[in-house]
Amino acid sequence: MKQEIQITDDKYLFEILNKSEFEREDVVYLLKLTNEKHISELFKKADLIRKEFCGDEVHLRGIIEFSNFCEQDCVYCGLRKSNNLLERYRMSVDEIIETAKKIYSAGIKTVVLQSGEDSHYTKEDITHIIKSIKEFCDVAITLSLGERSFDEYDEWKSAGADRYLLKHETANEKIYSALHSKQELEERLIHLKYLKSIGFQAGSGNIIGLPGQTIEDIADDILLCKELDCDMCSFSPFIPSPETPLKNISPADLKLTLNTMAVGRIVLKNVHIPSTTALSTLTPEGRKLGLTVGANVIMPNFTPDKYKDKYRIYANKKTYDPIKFVEEIKQMIHSMGRKVSEDKGHSLKQ
Ligand code: 5AD
C-alpha cells in the first residue's frame, strides 16, 4: 500500500517521496537536498520504508577478515598490492573455523568471510572452510573474496555458501578504470550477474566521495544496484588511507553519505543495507545514525586481536572487543525501539 503522507510544503519533494518508481533525475534531486527540513523528511521517509519492507529487526553479521594479502592494486585501498608499509597476515584454515565458532557462540547467525584477493587460499581450502563451518554452526555464510573464477563460485555455492559480497565500487566506468589498474567495471558486473544467476544472495554497493565522482554517478550507483536486483547494498564513505595514492583526498561528506543511504533505501526498498564501520569511522555516532536513515544490518568484527590492526583498508578503522561490542550494539538497538534479529536474515527477496 502506498503511503500518502503530507510531509512537506515543498510540493516537488512531496511528489517525489511518494513515488514508488524513480527516474534518474528524481534520485539526483533527492541526493542533492541540503535544506535541513527537507533532509529530515527524506530520512523520515527512508525510515518508514525500512520499517515497511524490513521490519524493526536489525541483523548482526560477524565478519572475519582472514587475510590482508591482495593481488589487486585499487588506488583507494590500504590493502593494495603496492602498499609496502603494511605487514601482511594470513589466518590458517583452522583459525578461521575457530573464529566462526566464536561468532556462532555469540548468538550471531551469519559469518562473513572477507579477505583481499588472495589466491593463496585455493578453491578446495575455501570449500573446506565452508563445509566445516556449516557442520559445526547453524549459520549463513557470506563470502567477500573479490573476483574469483566461475568454477570456484559454483563449487562454493554447492558447498553451502549462501551469499557473496562484491561491491561495484563506482558505476562510472572512467573512474572505475582510473582506480583499478587491472580491472574493468564491465567484468565486475559480469561476475555479479553470474553470482546471482547461480543462486547466491548478491551484495553490491559503492564508495561515496571518490575523486571525480559526481552526484549523478552516485545516483547511477543506486540505480545499478536496482538493475542488478541486489539482495544487499552497501553505501559507504571514502576514508583516505595514508598508505595509498589517495592519502590527501578528503573523506566523504557525512551529509552526502547519509543522503545516499536514505535514497538507497527509498529506491531499493527490500534490500539489506548495513550501517558500516566506515560510517562509524567518519563520525562517532555513525553506526546509530545509519540505522535511522534506512540501514538494518550491523557487522561486528571478530577478526582475532593479533590481526585486526593489520586489516587497514583505510585510516583510523576502529577496533574493539567483539563480545563487548555485540552487547553494546544490542543495547543501542533496543534503546532505539528496534529488535535484534534471531534468524539468519536471508534476502528479503526470496
Ligand atoms: N574508504 C572506504 N571504503 C574502502 N574500501 C576500500 N578502501 C576504502 C576506503 N579507502 C571498501 C571497498 C571494498 C571494501 C572491502 O572496502 O568498497 O569493497
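Please treat every number below as a calculation from the coordinates, not as lab data. Not measured: the values here are computed from a predicted model. All Cβ positions, even for glycine, are placed from backbone atoms using ideal geometry, and neighbour counts span all protein chains on display.
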Evaluated at q = 0.13 Å⁻¹: base-10 log I(q)/I(0), Debye formula over Cα of segment 25-340: -0.94
Between 0 and 90°, nearest 10: helix 150-159 axis offset from the chain longest Cα axis: 80
Structure-based [θ]222 nm, the chain - -39500 (n - 2.57) summed over DSSP H runs of at least 4, per residue, nearest 500: -13000 deg cm²/dmol
Under 5 Å, built H, 5+ apart or other chain: amide partners of Ala140: Thr110, Val111
Two-decimal Rg/Rh across segment 149-190, once Rg and the Kirkwood Rh are taken from alpha-carbon atoms: 1.09
Helix 93-105 axis, angle to the chain major axis (alpha carbon atoms, nearest 10°): 50
Ratio Rg/Rh, restricted to segment 67-125 and using Cα atoms, in which Rh is the Kirkwood radius: 1.04
Spatial separation of Cα centroids for segment 281-349 and segment 96-147, in angstrom: 18
Per DSSP, loop trypsin sites (Lys or Arg not before Pro) in segment 190-230 with at most 15 further Cβ within 10 Å: none
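Which three semi-axes in whole Å describe the equivalent ellipsoid of segment 124-232, each the square root of 5 times a Cα gyration tensor eigenvalue, listed largest first?
Equivalent ellipsoid of segment 124-232: 29, 14, 12 Å, largest first.
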Within segment 36-61: backbone nitrogen closer than 12 Å to the Asn270 label point (7 Å, Cα to C-beta): 53-55
Proximal aspartates and glutamates to Lys174, defined as alpha-carbon separation beneath 18 angstrom and excluding residues fewer than eight positions away on the same chain: Asp73, Glu184, Glu186, Glu187, Glu216, Asp217, Asp220, Asp221
Cα convex hull of segment 113-163 - mean projected area over all directions, nm²: 3.1
From the C-alpha gyration tensor of segment 1-127, square roots of 5λ in Å: 43, 21, 12
Extended-chain gain in nm, criterion 0.36 nm per residue less alpha-carbon gap, Asp138 and Lys101: 12.3 nm
Most mobile listed residue (Phe200, Phe14, Phe302) in the chain, GNM with C-alpha springs under 10 Å: Phe14
All Cα pairs of segment 240-350, percent lying beyond 25 Å: 29
Total charge dipole magnitude, segment 153-195, about the Cα centre, Cβ charges on Lys, Arg, Asp, Glu only, Debye to nearest 20: 120
Neighbour-limited loop hits for GluC sites (Glu not before Pro), segment 79-118 (at most 15 other Cβ within 10 Å; DSSP other than H, G, I, E, B): Glu87
Cα-centred dipole magnitude for the chain, charges only on beta-carbon of K, R (+1) and D, E (-1), debye, nearest 20: 760
Length added when fully stretched, Gln350-Lys131, from 0.36 nm per residue minus Cα-Cα: 76.5 nm
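Over segment 25-340, what is the percentage of antiparallel beta bridges among all DSSP beta bridges, to the nearest 5?
Just about 5 percent of them are antiparallel.
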